Amino acid sequence: MKRRGFLAWLAAGPVAVLLALLAFAHPHLAITDPVNADVLVVEGWMEEPHLSEVKRLIDSVGYARIYTTGTVRPFTYYLKAGGSIVVRFTEPQRGRILINASGVPGAAFRVEANGAPVMERRVEPVPARFLSDEEVTADSLVITSFDDGITAPNGNNIFIKYMRIGRESIHRVQDTTMIVRSDGSREPGWPTFAAKCAAELTAMGVHPSPIAVPAPGRPDSRTWANASHFAVRAKADGIRSFDVVTVGVHARRTRALFQRACVPGTHVGVIALDDPACPRKGWWRQRSGWILMLKELFGAGAPIAVELTR
């Protein structure tokens with residue numbers, strides 16, 4: 001009995017420490033501590049609801065310069081009937097083409113490689129994977145959406161969740177991606193979260209126009225990659241003070257990594273937006289809350305160690 005009691009007491013110690021950490025961790029991690037700079041850095045992986053909050057923040061503070069950061073994103077796009085995505089590669093790519101797509105009844109897509117048709121498929125409202133019959137070797141691809149005239153003129157009729165050639169995401173091997181509308185107008189695609197975020201903020205009417213600072217490659221830590229690439233841009237632009245806006249409990253690690261990446265003497269502030277997946281009150285009632293909290297508590301130091309030991 002004494003031995004069992006001792007083991008129970010021994011096990012209770014770490015549990016008590018963990019519970020104490022968790023009780024005070026959220027306000028410690030989801031920190032808002034701006035430095036009143038006139039430069040704002042926006043972590044580009046945030047979704048539209050948070051970007052709406054970012055716009056309100058920008059409108060209220062009046063930043064002079066706005067930057068967006070982000071790594072390579074999945075090849076995810078909506079297409080209207082008659083619209084296309086034109087992709088040119090840095091070097092010829094070989095492999096079968098895989099697309100995960102869905103759409104309205106009657107919608108379909110066509111894929112051309114170097115101007116020759118290689119794939120044409122009808123889609124359903126439920127996402128499905130479509131694979132080309134043969135391997136292709138391509139310097140460029142064109143993905144075109146069409147339908148039977150059911151879709152409203154301005155409505156999206158195709159959603160592409162991801163697209164690959166061989167085992168590579170199209171965005172990882174692209175040189176340029178261009179969205180071409182049915183009227184012939186064009187706009188650049190969004191191969192990185194930085195580019196997508198800048199485009200979305202611009203569409204919301206954010207001023208001044210955001211500047212995308214992409215972080216290409218395959219980083220072990222996306223936040224460290226974003227911080228490292230922005231540090232290079234900050235040095236080039238003479239930025240010695242800025243605020244970075246992010247979401248929830250990710251804030252403290254974000255500030256630490258941006259601070260570490262930038263030249264000594266740079267002042268880095270941070271603004272944490274509320275995170276429904278890990279809210280300040282009642283985060284423990286959600287599975288996502290536990291995952292995010294434990295990730296930040298026990299995984300925050302690992303990315304720094306990985307990068308610094310290379």
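Taking the criterion of being more than 19 Å from Arg253 (Cα to Cα) and modelled with pLDDT under 95, the residues of the stretch 39-50 that qualify are Glu47, Glu48, Pro49.
With the condition being at pLDDT 90 or above and closer than 17 Å to Leu29 by Cα, I'd like the helices (runs of 4 or more DSSP H) fully within the stretch 224-310 carrying at least 2 qualifying residues. Here the list reads 251-261.
Sort out which residues of the stretch 48-92 are under 30 Å from Arg110 (Cβ atoms), buried (at least 16 other Cβ atoms within 10 Å of the Cβ), more than 17 Å from the chain's Cα centre (by Cα) and not hydrophobic (A, V, I, L, M, F, W, C), and write them in order of number. Scanning the stretch 48-92 gives Lys80, Gly82, Gly83, Ser84. Looking at (1) surrounded by fewer than 19 Cβ atoms within 10 Å (Cβ to Cβ); (2) of a type in the set (A, V, I, L, M, F, W, C); (3) touching a residue at least 12 places away in the same chain (Cβ under 8 Å), can you tell me which one Ala116 breaks? Unmet condition: (3).
In the stretch 166-183, the residue that is surrounded by the most Cβ atoms within 10 Å (Cβ to Cβ) out of those that are touching a residue at least 12 places away in the same chain (Cβ under 8 Å) and not in a strand (DSSP E or B) is Ile170. For the stretch 152-159, the condition holds for no residue, the condition being that it is more than 16 Å from Tyr78 (Cα to Cα) and either out of contact with any Gly (no Cβ under 8 Å at 6 or more places or on another chain) or modelled with pLDDT of 95 or more (or both).
Among the residues that make up the stretch 104-115, is at least one of them assigned by TED's automatic domain parsing to the domain that holds Tyr162 and in contact with a Leu (Cβ under 6 Å, 6 or more places away or on another chain)? Checked against the condition, which is being assigned by TED's automatic domain parsing to the domain that holds Tyr162 and in contact with a Leu (Cβ under 6 Å, 6 or more places away or on another chain), the stretch 104-115 yields at least one hit. Contact map, the stretch 237-252: residues that are over 29 Å from Pro276 (Cα atoms) paired with residues that are among the acidic types (Asp, Glu), Cβ distance under 9 Å, separation 6+ or inter-chain. Pairs shown: Ser241/Asp38. Thr90 satisfies every condition listed in (1) out of contact with any Pro (no Cβ under 7 Å at 6 or more places or on another chain); (2) at pLDDT 95 or above; (3) not hydrophobic (A, V, I, L, M, F, W, C) except (2). May I ask you to list the residues in the stretch 186-223 that are more than 12 Å from the chain's Cα centre (by Cα), of a type in the set (A, V, I, L, M, F, W, C) and part of a loop (DSSP other than H, G, I, E, B)? Answer for the stretch 186-223, where residues must be more than 12 Å from the chain's Cα centre (by Cα), of a type in the set (A, V, I, L, M, F, W, C) and part of a loop (DSSP other than H, G, I, E, B): Met204, Val206.
The values are calculated or read from the model by the stated rules, or taken from the named source; none is laboratory data. Here the structure is a predicted model, which means the values were calculated and not measured. Neighbour counts run over all protein chains shown; Cβ positions are idealised from the backbone, glycine included.
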